[in-house]
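Notes follow once the structure below has been shown.
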Amino acid sequence: MRLLEDRIRHDGTVKSDQVLKVDSFLNHQIDLGLLRTMAHQWCEDFKDAPINKVLTIEASGIAIAAVVAEEFGVPVVFAKKSQSVNLDGTVYATQITSFTHGRVYDVIVSTKFLGKDDHVLIVDDFMANGCAMEGLLEICQAAGAKVEGIGIAVEKGFQPGGDRLRERGYRVDSLAIIESMDPVTGQITFRP
């Protein structure tokens, strides 16, 4: 998506050859107009799929997923990174390793909100090694839900997450795929 790539070039900050900050428009301060355009693109790309739930993981994915769910006219469900006193009943649970935070999280989704009749679009802001996606796929499998696709705003194409998922047959729609980043020049190269 050219609009997202241009925004990354203009407002993104290359912190290292592995780390890109997009917090001025995507995952701290959020440009809702950009999110609406992204959501519209995914809605167009997945219009042939019977999506009835959008799934993400807290925290950065929630805003994106909410706008996407609104575009599809379906609920959004997010996997929580911690058990809370107001989460009652049984849950689907797994562990994920966060590339960004360098730690392992227990993530949970209530069995009330995901089940065998659900056709899911998984959405997130970034994908590097694909650990968060693997965890969400495990939760969908435990629920008996069908994953119709995966929508990623920014994929780090030089890390294996997206390609591994595609090799396994998942439909991965990344709106911007970065091939390389140079922290000295700030240059970002995108996959055509």
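Each reported figure results from applying straightforward, stated rules to the coordinates on display, with no laboratory input. In this text, all values refer to a predicted model and were calculated from it rather than measured experimentally. Neighbour counts run over all protein chains shown; Cβ positions are idealised from the backbone, glycine included.
Being closer than 18 Å to Ala59 by Cα, assigned to a helix (DSSP H, G or I) and of a type outside the set (S, T, N, Q) is not true of Leu26. Checked against the criterion of being within 24 Å of Pro50 (Cβ to Cβ), part of a loop (DSSP other than H, G, I, E, B), small (Gly, Ala, Ser) and in contact (Cβ under 8 Å) with a residue 24 or more places away in the chain, the candidates Gly115, Gly169 yield just one match: Gly115. Regarding the stretch 149-172, can at least one residue be identified that is surrounded by fewer than 16 Cβ atoms within 10 Å (Cβ to Cβ), hydroxyl-bearing (Ser, Thr, Tyr) and over 11 Å from Phe126 (Cα atoms)? Looking for residues that are surrounded by fewer than 16 Cβ atoms within 10 Å (Cβ to Cβ), hydroxyl-bearing (Ser, Thr, Tyr) and over 11 Å from Phe126 (Cα atoms), one finds none in the stretch 149-172, hence no. Suppose the filter is surrounded by fewer than 16 Cβ atoms within 10 Å (Cβ to Cβ) and out of contact with any Gly (no Cβ under 7 Å at 6 or more places or on another chain); does Thr189 pass it? The answer is yes for Thr189.
Evaluating Thr37 against the criteria (1) buried (at least 20 other Cβ atoms within 10 Å of the Cβ); (2) part of a helix (DSSP H, G or I); (3) β-branched (Val, Ile, Thr) leaves one unmet condition, (1). Annotation: Ser16 fulfils all but one of (1) touching a residue at least 40 places away in the same chain (Cβ under 8 Å); (2) of a type in the set (Gly, Ala, Ser); (3) surrounded by 15 or more Cβ atoms within 10 Å (Cβ to Cβ); the unmet one is (3).
Could you run through the stretch 50-82 and say how many residues are within 14 Å of the chain's Cα centre (by Cα) and assigned to a loop (DSSP other than H, G, I, E, B)? Residues flagged as within 14 Å of the chain's Cα centre (by Cα) and assigned to a loop (DSSP other than H, G, I, E, B) within the stretch 50-82 amount to 2. Condition check for Lys47 on (1) surrounded by 15 or more Cβ atoms within 10 Å (Cβ to Cβ); (2) not in a strand (DSSP E or B): one failure, at (1).
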